[in-house]
1. Of (1) modelled with pLDDT of 60 or more; (2) small (Gly, Ala, Ser); (3) surrounded by fewer than 12 Cβ atoms within 10 Å (Cβ to Cβ), Ser119 satisfies all except one. Which?
2. Would you call Lys174 at pLDDT 80 or above, open to solvent by 80 Å² or more (accessible area, probe 1.4 Å) and basic (Lys, Arg)?
3. Where residues in the range 141-159 are assigned to a loop (DSSP other than H, G, I, E, B) and out of contact with any Ser or Thr (no Cβ under 9 Å at 6 or more places or on another chain), which of them is least open to solvent (accessible area, probe 1.4 Å)?
4. Could you list, ordered by first residue, the pairs with Cβ atoms under 9 Å in which the first is in the range 155-175 and over 19 Å from Leu141 (Cα atoms) and the second is open to solvent by less than 50 Å² (accessible area, probe 1.4 Å) and outside any helix (DSSP H, G or I), at least 6 apart or interchain?
5. Working only within the range 124-171, note down all residues that are β-branched (Val, Ile, Thr) and at pLDDT 85 or above.
6. State all residues of the range 182-200 that are surrounded by 11 or more Cβ atoms within 10 Å (Cβ to Cβ) and either acidic (Asp, Glu) or modelled with pLDDT of 80 or more (or both); if no residue qualifies, say none.
7. Which pairs have Cβ atoms under 7 Å, sit 6 or more apart or on different chains, and link a residue in the range 13-39 that is under 20 Å from Asn73 (Cβ atoms) to one that is in a loop (DSSP other than H, G, I, E, B)?
Amino acid sequence: MKNKSHKSLMYLQQLSDLELFRLIEERDKTALETIFNRYYESLCRFGFTYTKELDIVEETVSDVFFQLWNSGNRIQEIRNPKPYLYVVVKNKLLASVSTSSLERRLGPGEENRHVSSPSIEQQIIDQEEKEIFGRKIEKILCQIPEKSRQVFEMSRLDGLKYKEISEILGISIKTVENHMAYALKIIRNLVIKRSNVNHT
């Protein structure tokens, strides 16, 4: 039974977002786990650009998946899952920030989160790699203006296309391109500067 479950998970991980959404519509909990694990971290990072309160971001992202699970037949109306998730997170956080009266739940609710990992060892390895990667880019990214940094992270870290970023942020594709060009220019100048320092 365990092997069957493992194979099922491996199979689901190879499916597209749209295919997973269709399975979620059919009440497949493992499909929900798969899409959750695929986007939870990137959605939290995205949400953090709207509020620096991590507990609110994490709760909001979790609520989005809870909402997805309870969407019923409305899921079939979603044609582009990835932009949909980002837009819903964005709208929820903007609403909470604008009213500044978001109600917080008692307790973190960790037991309700659909989180799974292959093994504790792999989880530790993954976490170490993320921390190393994070330390390397953080020094550079913190010097990029907030909006340009947001676009850069959505493109290079989350793998979103310019059109998707445009739809999510409500800006033109040209503006997205300009933010990316500016971010890359700063990064290039900083890398060159550090390279010169290291060789002196």
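The values are calculated or read from the model by the stated rules, or taken from the named source; none is laboratory data. Computed from a predicted model, the values in this text were never measured in an experiment. All Cβ positions, even for glycine, are placed from backbone atoms using ideal geometry, and neighbour counts span all protein chains on display. Heavy atoms of the whole protein, side chains included, go into the accessibility calculation; ligands, DNA and RNA do not. Shrake-Rupley method; radii C 1.70, N 1.55, O 1.52, S 1.80 Å.
1. It fails just one condition, (1).
2. yes
3. Ile144
4. These pairs meet every condition: Ile168/Leu160.
5. From the range 124-171, those β-branched (Val, Ile, Thr) are 124-125, 132, 137, 140, 144, 151, 165, 168, 171; that's our starting set.
Ile144, Val151, Ile165, Ile168, Ile171 - these are the residues of the range 124-171 that are β-branched (Val, Ile, Thr) and at pLDDT 85 or above.
6. Correct list: Tyr182, Ala183, Leu184, Lys185, Ile186, Ile187, Asn189.
7. The qualifying pairs are Phe21/Ile78; Leu32/His114.
Rundown of residues vs (1) modelled with pLDDT under 85; (2) open to solvent by less than 40 Å² (accessible area, probe 1.4 Å); (3) basic (Lys, Arg), yes/no style:
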{"position": "His6", "(1), (2), (3)": "yes, no, no"}
{"position": "Thr34", "(1), (2), (3)": "no, yes, no"}
{"position": "Val64", "(1), (2), (3)": "no, yes, no"}
{"position": "Asn80", "(1), (2), (3)": "no, no, no"}
